[in-house]
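Encoded as structure tokens, the structure appears first; notes follow it.
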Ligand code: GLY
Ligand code: MN
Ligand code: MN
């Protein structure tokens, strides 16, 4: 049985349908308003997963009565062939879809990508990666390695964030990635305090033209994509100077926290617990530095630790960098301050891929907020936190394959230097 056959079998089993016709669309090109161009196309991951191809306007159908899958693909017109290279014809011409449906009268037609239950049925299958998917995920990690190796060798004082992005992404592409898995984050100095420091709503170019200064913390969160599968890696490093005691302390705190969390990525482990333990480790480090005061359990429950570590420990990875299936059935996002940004809340199982990405940040929007300063007056040393303005942040992220044995670190070949080019 091919991977595609077994994926389809698992999905059909999750659905448990008897009579419906299910439609799974690959998605269409999205026009950029006011131009004759389109946004770069990526197939809907549900379609890519079940068809192993990705062309716009293709459709996969499932006839539950016959337990039969069919693929429908577009055909280029002769005009289109003048302007664009044709892609290989896929399945039955999509123009025949209506006729195919009409030949199955009185059946309920369901769109899987928009039907919550059907979408979840595919999502639950996508959580557990097969060998073909693991091959792509491992290859994607190798493209990331090429980019990060370039950074370690070349990023130096005076270079701009933008120059680093361009040099690094060129290596992703040279190593075979057709595109990055998401917008690269290259954040130097104070910019590292923004969790997702990339091109925003305005027209500001990010990564920016800010030049690296000696002693800056440089946070890079980036990765290549192979076969649609993402690699998601973060390294934080001091550039061109001896790390200060605080940089050294916080970097090792995050590195140790990550090491402990990775070791706990085993079947049966409750992700939320691993996350909360990471918050306790980071919070305890902040107590040692004098930034937090009090009992670690109450500091986590009150949200004081979340001022410095506001995000979740990680998320599932696959055809989407934040992949489907994060929340186990019947679980809802929590309003607990240390849990509200958790992208995953489930018991880990063999075959899952999860990022493990603890971090610590000095975020002005949180630390200068008068309401926070009032609420946490007894728990946070805001004066000391103010001295950390401009520090930015530290995050270390790897992609972990949960197995019956030791966790496999897909990105383990990517070095983790505390300092570069000094
Ligand atoms: N690169 C986005 C993330 O780490 O979640
Ligand atoms: Mn991530
Ligand atoms: Mn990341």
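The values are calculated or read from the model by the stated rules, or taken from the named source; none is laboratory data. These numbers were taken from a predicted model, which means no experiment stands behind them. Positions of Cβ are generated from backbone atoms using ideal geometry, with glycine treated the same way; all protein chains shown enter the neighbour counts.
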Checklist (1) on the phi > 0 side of the Ramachandran plot; (2) modelled with pLDDT under 95 applied to residue 200, failing item
(1)
The helices (runs of 4 or more DSSP H) lying wholly within the range 340-399 that contain at least 2 residues that are farther than 20 Å from residue 285 by Cβ are 364-367, 370-375
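Could you check, for the range 194-204, whether at least one of its residues is within 16 Å of ligand 2 (Cβ to nearest atom), surrounded by fewer than 19 Cβ atoms within 10 Å (Cβ to Cβ), without any contact (Cβ under 8 Å) to a residue 60 or more places away in the chain and closer than 30 Å to residue 386 by Cβ? I'd like the intermediate steps shown before the answer.
Here is the first cut: in the range 194-204, the ones within 16 Å of ligand 2 (Cβ to nearest atom) are 194-198.
Going one step further and asking which of them are surrounded by fewer than 19 Cβ atoms within 10 Å (Cβ to Cβ), we end up with 195-196, 198.
Adding the requirement that they be without any contact (Cβ under 8 Å) to a residue 60 or more places away in the chain leaves 196, 198.
Cutting the leftovers down to closer than 30 Å to residue 386 by Cβ gives us 196, 198.
Yes, the range 194-204 contains a residue that is within 16 Å of ligand 2 (Cβ to nearest atom), surrounded by fewer than 19 Cβ atoms within 10 Å (Cβ to Cβ), without any contact (Cβ under 8 Å) to a residue 60 or more places away in the chain and closer than 30 Å to residue 386 by Cβ.
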Tabulated pairs, the range 346-370, first more than 27 Å from residue 252 (Cβ to Cβ), second within 16 Å of ligand 3 (Cβ to nearest atom) and at pLDDT 95 or above, C-beta under 7 angstrom, 6+ apart or interchain
352/316
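Yes/no matrix, rows are residues, columns are (1) under 30 Å from residue 349 (Cβ atoms); (2) surrounded by 12 or more Cβ atoms within 10 Å (Cβ to Cβ):
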| position | (1), (2) |
| --- | --- |
| 87 | no, yes |
| 93 | no, yes |
| 99 | no, no |
| 108 | no, no |
| 111 | yes, yes |
| 114 | yes, no |
| 119 | yes, yes |
| 124 | yes, yes |
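Any residue that is part of a strand (DSSP E or B) and within 16 Å of ligand 2 (Cβ to nearest atom) - is there at least one of those in the range 315-335? Lay out the reasoning, then the answer.
Narrowing the range 315-335 to residues part of a strand (DSSP E or B): 316, 327.
From what is left, the residues that are within 16 Å of ligand 2 (Cβ to nearest atom) are 316.
Within the range 315-335, one or more residues are part of a strand (DSSP E or B) and within 16 Å of ligand 2 (Cβ to nearest atom).
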With the structure loaded, tell me whether residue 219 is touching a strand residue (DSSP E or B) at 6+ places or on another chain (Cβ under 8 Å), within 14 Å of ligand 1 (Cβ to nearest atom), on the phi < 0 side of the Ramachandran plot and not in a loop (DSSP other than H, G, I, E, B) or whether it fails that test.
yes
Please work out which residue is nearest to the chain's Cα centre (by Cα), limiting yourself to the range 172-190 and to residues that are surrounded by fewer than 22 Cβ atoms within 10 Å (Cβ to Cβ) and part of a helix (DSSP H, G or I).
173
Of those in the range 321-330 that are within 22 Å of residue 222 (Cβ to Cβ) and touching a strand residue (DSSP E or B) at 6+ places or on another chain (Cβ under 7 Å), the residue nearest to ligand 1 (Cβ to nearest atom) is 321
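I'm checking my understanding of the structure. Among residues of the range 248-270 that are in a helix (DSSP H, G or I) and without any contact (Cβ under 8 Å) to a residue 40 or more places away in the chain, which one is nearest to ligand 3 (Cβ to nearest atom)? Full working, then the answer.
Within the range 248-270, the first condition is being in a helix (DSSP H, G or I), and the residues that meet it are 248-263.
Keeping just the survivors that are without any contact (Cβ under 8 Å) to a residue 40 or more places away in the chain gives 256, 259-260.
Working: 256: 19, 259: 18, 260: 19 Å.
For the range 248-270, the residue satisfying everything is 259.
Identify, from the list 287, 282, 296, the residue that is away from ligand 1 (no atom under 15 Å from the Cβ) and in contact with a strand residue (DSSP E or B) (Cβ under 8 Å, 6 or more places away or on another chain). Don't jump to the end; show me each part of the working.
On the way: 287 fails: in contact with a strand residue (DSSP E or B) (Cβ under 8 Å, 6 or more places away or on another chain); 296 fails: in contact with a strand residue (DSSP E or B) (Cβ under 8 Å, 6 or more places away or on another chain).
Answer to the check: 282.
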Whether any residue in the range 334-350 is under 15 Å from the mean Cα position of the chain (by Cα), crowded, with 18+ Cβ neighbours inside 10 Å and farther than 14 Å from residue 127 by Cβ is what I want to check.
yes
Here are 176, 189, 147: which of them is at positive phi and touching a helix residue (DSSP H, G or I) at 6+ places or on another chain (Cβ under 7 Å)?
176
Does the range 150-166 hold any residues that are surrounded by fewer than 17 Cβ atoms within 10 Å (Cβ to Cβ) and either in contact with a helix residue (DSSP H, G or I) (Cβ under 8 Å, 6 or more places away or on another chain) or more than 21 Å from residue 191 (Cβ to Cβ) (or both), and which are they?
153, 154
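Only one of 240, 268, 227 is more than 16 Å from ligand 2 (Cβ to nearest atom), under 22 Å from residue 319 (Cα atoms) and surrounded by fewer than 22 Cβ atoms within 10 Å (Cβ to Cβ). Can you tell me which? First the steps, then the outcome.
Details: 240 fails: under 22 Å from residue 319 (Cα atoms); 268 fails: under 22 Å from residue 319 (Cα atoms).
Residue meeting the stated conditions: 227.
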